[in-house]
Amino acid sequence: MQTIAVNLPQHSYQIAIFPHGLQQLGSQLRQLPVGNKVLLVSNPTVFNYYGEIARQSLENAGFSLAVHLIPDGEQHKTLDRLAEVYDTALLHRIERSSTLIALGGGVIGDMTGFAAATWLRGVNFVQVPTTLLAMVDASIGGKTGVNHPQGKNLIGAFYQPCLVLIDPLTLKTLPPREFRAGMAEVIKYGVICDRPLFDALEQAPSLDSLEKLSPQLLETILQHSCQAKATIVSQDEKEAGLRAILNYGHTLGHAIESLTHYSQFLHGEAVAMGMVAAGEIARRLDLWTAADAQRQTQLIHKAQLPSQIPSHLKTNAILTALKTDKKVKDGTVRFVLPTANGQAIVEDGVTPEVLRTVLAEIGAISD
């Protein structure tokens, strides 16, 4: 078992990575100071694969278990669906000593975490991610929340889990498109803070499916990505400074998701397009070389991720959507931009003219 510490002043915890870890969920939870009641939140697809394993593990460890399922998809990451989680918590008398467990991807993790943060003003919370994106990014760091119709994750809270349990074997049932979407976040780490990871990804013959990755590369991806996220979160828990670089590609990515009603692209696909745009902005501002921008694009293509904005999206609509981004400060959209492979900064000097030019180059319709 590999463990990575997220060291925080008030709420440190471990990321545990090991095959067959799901079978040990109950025993791992028993090592924490929690009560006997557990509410497991998942979606029907994931629960069909792994719900019984989780149930047996928890019940064998002596926990009293309730289950709540949220339909698949980002479009269900809403306050209405969140209210249904509260209803189940009330029905099963979930107490302050109880634990909410998120079994699934980023949507399940975000919603379960926000429910845990707000039910009885805060109950225990455990992340059991089953997608690559959730394993390397969404499950770590305590960002929780739901979407607003006008923007992604506008309603939320920082609320750290007690444990992140990663079982790489759950990736075997992940659809190929979901796996590719997760690779966007892995590439992100390589660009913003981990040059050795970037180099390892470049040397891989393919990044578009689990079957084409060597066991050694998968181990590198999980360990490096989780360590990168843990290191940054440990230094800046609530995004007062350094942590903002983790939003690389997300500024435009969130706008694309919102404009397409969270139904056309997976989160990682939108982030991939956002990274291409950010790379081109950095190149135009002389922060990054054309060669480095091309290397990033080649990795995105190696993972079979999109690099072009859908042609039906219009520039003005994108610019308007960008203004709802959480990083907007004094009305100015701030972008995370690379300055070298393995380094990035937050920049608020991106003019509308540069944005329009870049958006047109990567597919948006001028209007």
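From the list Gln264, Gln304, Gln296, Gln308, exactly one residue is farther than 21 Å from Ile365 by Cβ, in the same structural domain as Val350 (by TED's automatic domain parsing) and surrounded by fewer than 19 Cβ atoms within 10 Å (Cβ to Cβ). Which is it? Lay out the reasoning, then the answer.
On the way: Gln264 fails: farther than 21 Å from Ile365 by Cβ; Gln296 fails: surrounded by fewer than 19 Cβ atoms within 10 Å (Cβ to Cβ); Gln308 fails: farther than 21 Å from Ile365 by Cβ.
Exactly one residue qualifies, and that residue is Gln304.
Check Val328 against each of (1) farther than 20 Å from Ile221 by Cβ; (2) out of contact with any Asp or Glu (no Cβ under 9 Å at 6 or more places or on another chain); (3) at pLDDT 90 or above and name the one condition it does not meet.
Evaluating Val328 over (1) farther than 20 Å from Ile221 by Cβ; (2) out of contact with any Asp or Glu (no Cβ under 9 Å at 6 or more places or on another chain); (3) at pLDDT 90 or above leaves (3) as the failure.
Among all residue pairs at least 6 apart or on different chains, which show Cβ distances below 6 Å where the first residue, located in segment 29-40, is assigned by TED's automatic domain parsing to the domain that holds Val85 and buried (at least 19 other Cβ atoms within 10 Å of the Cβ) and the second is acidic (Asp, Glu) and assigned to a loop (DSSP other than H, G, I, E, B)?
none
Only one of Val350, Val336 is touching a helix residue (DSSP H, G or I) at 6+ places or on another chain (Cβ under 8 Å), hydrophobic (A, V, I, L, M, F, W, C) and either at pLDDT below 90 or assigned to a loop (DSSP other than H, G, I, E, B) (or both); which?
Working: Val336 fails: either at pLDDT below 90 or assigned to a loop (DSSP other than H, G, I, E, B) (or both).
Only one candidate passes the filter, namely Val350.
With modelled with pLDDT of 95 or more and under 28 Å from Lys77 (Cα atoms) as the only criterion, which of Leu217, Leu222, Leu201 stands out? Before you say what the answer is, go through the steps one by one.
Numbers: Leu217 fails: under 28 Å from Lys77 (Cα atoms); Leu201 fails: under 28 Å from Lys77 (Cα atoms).
Of the residues listed, the single one that is modelled with pLDDT of 95 or more and under 28 Å from Lys77 (Cα atoms) is Leu222.
If we keep just the residues of segment 270-291 that are in contact with a Lys or Arg (Cβ under 8 Å, 6 or more places away or on another chain) and part of a helix (DSSP H, G or I), which is surrounded by the most Cβ atoms within 10 Å (Cβ to Cβ)?
Step one: of segment 270-291, the residues in contact with a Lys or Arg (Cβ under 8 Å, 6 or more places away or on another chain) are 271, 275, 289-290.
Checking which are part of a helix (DSSP H, G or I) leaves us with 271, 275, 290.
On the way: Val271: 31, Met275: 29, Ala290: 10.
Per the stated criteria, the residue is Val271.
What are the residue pairs meeting all of these: first residue in segment 146-170, first residue assigned by TED's automatic domain parsing to the domain that holds Thr112, second residue part of a strand (DSSP E or B) and among the polar types (S, T, N, Q), Cβ atoms under 6 Å, and 6 or more apart or on different chains?
Listed pairs, sorted by first residue: Gly156/Thr144; Ala157/Thr144; Tyr159/Thr144; Pro161/Gln127; Cys162/Asn124; Val164/Gln127.
Within the bounds of segment 295-307, is there any residue that is touching a Phe, Trp or Tyr at 6+ places or on another chain (Cβ under 7 Å), touching a residue at least 40 places away in the same chain (Cβ under 8 Å) and of a type in the set (Val, Ile, Thr)? Even if it seems obvious, please write down each step before you answer.
Going residue by residue through segment 295-307, those that are touching a Phe, Trp or Tyr at 6+ places or on another chain (Cβ under 7 Å) are none.
No: segment 295-307 contains no residue that is touching a Phe, Trp or Tyr at 6+ places or on another chain (Cβ under 7 Å), touching a residue at least 40 places away in the same chain (Cβ under 8 Å) and of a type in the set (Val, Ile, Thr).
Scan segment 97-146 residue by residue and report those that are part of a strand (DSSP E or B), surrounded by 24 or more Cβ atoms within 10 Å (Cβ to Cβ) and of a type in the set (Val, Ile, Thr).
Thr99, Ile101, Val126, Val128, Thr144
Under 8 Å between Cβ atoms, which residue pairs at least 6 apart in sequence (or on different chains) link something in segment 220-246 that is in contact (Cβ under 8 Å) with a residue 12 or more places away in the chain and farther than 17 Å from Leu163 by Cα with a partner that is of a type in the set (Val, Ile, Thr) and surrounded by fewer than 21 Cβ atoms within 10 Å (Cβ to Cβ)?
Close Cβ pairs satisfying both conditions: Ala244/Val346; Ile245/Ile345; Ile245/Val346.
The values are calculated or read from the model by the stated rules, or taken from the named source; none is laboratory data. Since the structure is predicted, the reported quantities are computational estimates derived from the model, not experimental observations. A quick note on method: Cβ atoms are made from the backbone with ideal geometry, for glycine too, and the neighbour counts reach across all protein chains shown.
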